[in-house]
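K.L.:
A single structure is presented below for examination.
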Amino acid sequence: MPDSRLIAPTPPVQCLLIVDDDPSAILLLSRILEGEARIVFATSGEAALRRIRDHAPDLVLLDASMPGLDGLETCRRIKADAGGADVPVIFVTAHADLELETRALELGAADFIHKPVHAPVVRARVRAHLALKQKSDALHRLAVVDPLTGIANRRAFDDALDQEWRRALRHGHALSLLLVDVDFFQRYNDAHGRRDGDACLRRVAGVVAAATRRAGELAARYGGGEFAVLLPHASLARARAFAQGLCAAVEGAALPHGDSPVSPHVTVSIGVAELVQGCRDGGAGDRPCHECEFSGPCRAAPGLLVDLADRALYQAKREGRARVACLQGAVPSTSS
C-alpha cells in the first residue's frame, strides 16, 4: 500500500466560503449551514479572492450585488485563477434576472439560490454541491497520484512543469529539475524479487517526497525506477546542494542491494538542470512576453529542461553512478 504520509488525506470537514457585503446575510446563512462545513466569510469581492488563496474552499456562496467587485466580476476572477477554477460557485441573489443568470453561468457558476432564502433549499443545494466536489476531488487524486508510491505521477509532473515554467516566464526567475534514477534497479529486482522491488521504490519515493518542503516543489514518479523533482526559484547551486543531500539521504536509508557494483545499499544517480530565460526583464526590451518573437521558444522550453536533466543524469551514470551531475541551459534571447 502507498505510504499514508505521502498522500494528502481527504479533509474530514469541507470548507464553505460565504461572500456578502451584508453581515446579517452572512450570519443567517451561517446559522442555516452550521455543521455542514467549516465556514469562512468575506464581505467584499477582494476579500473573497484572498480567502480562496488562504483557505481553498470547496464551495462558494456568492452575493450577486456588492459594491466594488460585484458578484459577476468576482466569479470571473475566481475561475481565472488556478486555485479557484475547480471551486463551484453558487450565486445568492434577490433578482430574478435572466440576463444575470445567463452571464453567471457563462462565467462558470454552478447554481443559484434566490433571496429570501429558504433553509431547507439552501441546505439541500449546499449538500449536493459539497458531495459532488468531494467526488471530483477523489477522482482528481486518482488521476494525479502514482498508485505504487503514493506520490505525484507523470501526468501531474507534466502539468506542474508547464505551470511553473509559465510562472518563471512571468516573474523572470530560474527553474531547476532533478531526474533521480535508482542505480541498477533491474539488478535489484532480479536479486530480491519484484515485491521487494516495489517496496524499494516506495521507500525511495518517501525519501524524495520528504525532501520537498518549499512551496511549489514537487516530487513525482517519472517512470520505472526514475523520479523527478521540480524546484521553482532554485539556482543551479541550490539544486546541486538539494541533489547531493538527496543522494546522501537515500544511501543513508541503508536499503540492502544484493547486486550493486557501487554500494551494498541502494543508491541513486541524479541529473540536475537549470533553465534560465534569455530575457530576465520579462520580455524583449520594453515588450511583454506575449509580444516577443521569441515567446514561442520560451513557452516550448520545458522540453529543453527535461532534455538537459536527462543528459545530466546520463553523465552521472557514465561517471560511476551514486553521484550528481549538473547542466545549465538558456532559452533564446533577443541578442542570440
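K.L.:
With charges only on Cβ, +1 for K and R and -1 for D and E, what is the dipole size of the chain about its Cα centre, in debye, rounded to 20? Display every interim value, and only then the final one.
P.N.:
Working: 40 positive and 42 negative charges, 187 e Å.
Dipole magnitude for the chain comes out near 900 debye.
K.L.:
How large a share of the accessible area of the chain, in percent, is made up of carbon and sulfur atoms when the probe is 1.4 Å and the other protein chains stay in place?
P.N.:
Heavy-atom surface of the chain belonging to carbon and sulfur, 1.4 Å probe: 52 percent.
K.L.:
How much length would be gained if the chain were fully extended between Asp86 and Ser65, taking 0.36 nm per residue of separation minus their Cα-Cα distance, in nm to one decimal? It would help to have the intermediate numbers written out before the result.
P.N.:
Numbers: separation 21, 0.36 × 21 = 7.56 nm, distance 2.27 nm.
The span from Asp86 to Ser65 would gain 5.3 nm if fully extended.
K.L.:
Right, next: How much length is gained on full extension from Arg154 to His173, taking 0.36 nm per residue of separation minus their Cα-Cα distance? All intermediate terms of the calculation are to be shown ahead of the outcome.
P.N.:
Numbers: separation 19, 0.36 × 19 = 6.84 nm, distance 2.39 nm.
That works out to 4.4 nm of additional length.
K.L.:
Considering only His55, His257, His129, give the residue with the highest GNM mean-square fluctuation for the chain, with springs between Cα atoms whenever their separation is below 10 Å.
P.N.:
Comparing His55, His257, His129 in the GNM, the peak value goes to His55.
K.L.:
Taking the alpha-carbon distance from Lys133 and a cut-off under 19 Å, which lysines remain once sequence neighbours fewer than 8 residues away in the same chain are dropped?
P.N.:
Partners found: Lys79.
K.L.:
Roughly how large, in nm² to one decimal, is the mean projection of the convex hull of the alpha-carbon atoms in the chain? List each step's numbers first, then the result.
P.N.:
Numbers: hull surface 80.6 nm².
Computing the convex hull of the Cα atoms and averaging its projections yields 20.2 nm².
K.L.:
Here is a further query. State to the nearest 20 debye the size of the charge dipole of the range 84-156 about its Cα centre, where the only charges are +1 on K and R beta carbons and -1 on D and E beta carbons. Write out the running numbers ahead of the final one.
P.N.:
On the way: 10 positive and 8 negative charges, 77 e Å.
Computed about the Cα centre, the dipole is about 360 debye.
K.L.:
While we're looking at this one, here's another question. Counting Lys +1, Arg +1, Asp -1, Glu -1, what net charge surrounds Ile113 among other residues with beta carbon under 11 Å of its beta carbon? Let's see the in-between values first.
P.N.:
Numbers: positive: Lys115, Arg123, Arg125; negative: Asp63, Asp111.
Local charge sum for Ile113: +1.
K.L.:
Could I ask something else about it? Compute from the Cα atoms of the range 119-185 the Rg and the Dmax, the latter being the longest Cα-Cα distance, and quote both in angstrom.
P.N.:
18.9, 63
K.L.:
Compute the accessible area per residue over the chain, keeping the other protein chains in place, probe 1.4 Å, unit Å².
P.N.:
49
K.L.:
Kirkwood hydrodynamic radius of the range 1-143 from all distinct Cα pairs, in Å?
P.N.:
Evaluated on the range 1-143, it is 15.5 Å.
K.L.:
Can you give me the angle between helix 236-252 and the longest principal axis of the chain, using Cα atoms only, in degrees from 0 to 90, rounded to the nearest 10?
P.N.:
Tilt relative to the chain: about 70 degrees.
K.L.:
A further question follows. What is the distance, in nm, between label points placed 7 Å from the Cα along the Cα-to-Cβ direction at Val262 and at Ala143?
P.N.:
Label at Val262, label at Ala143, 3.7 nm between them.
K.L.:
How much net charge surrounds Thr93 when only other residues with a Cβ under 10 Å from its Cβ are counted (Lys, Arg +1; Asp, Glu -1)?
P.N.:
Spelling it out: positives minus negatives among the neighbours equals -2.
The values are calculated or read from the model by the stated rules, or taken from the named source; none is laboratory data. All figures in this text were calculated on a predicted structure; none of them were measured in a lab. When we count neighbours, we look across all protein chains shown, and the Cβ atoms used for this are built from the backbone with ideal geometry, even at glycine. We work out accessible area using only protein heavy atoms, side chains counted, and drop any ligands, DNA or RNA first. Shrake-Rupley method; radii C 1.70, N 1.55, O 1.52, S 1.80 Å.
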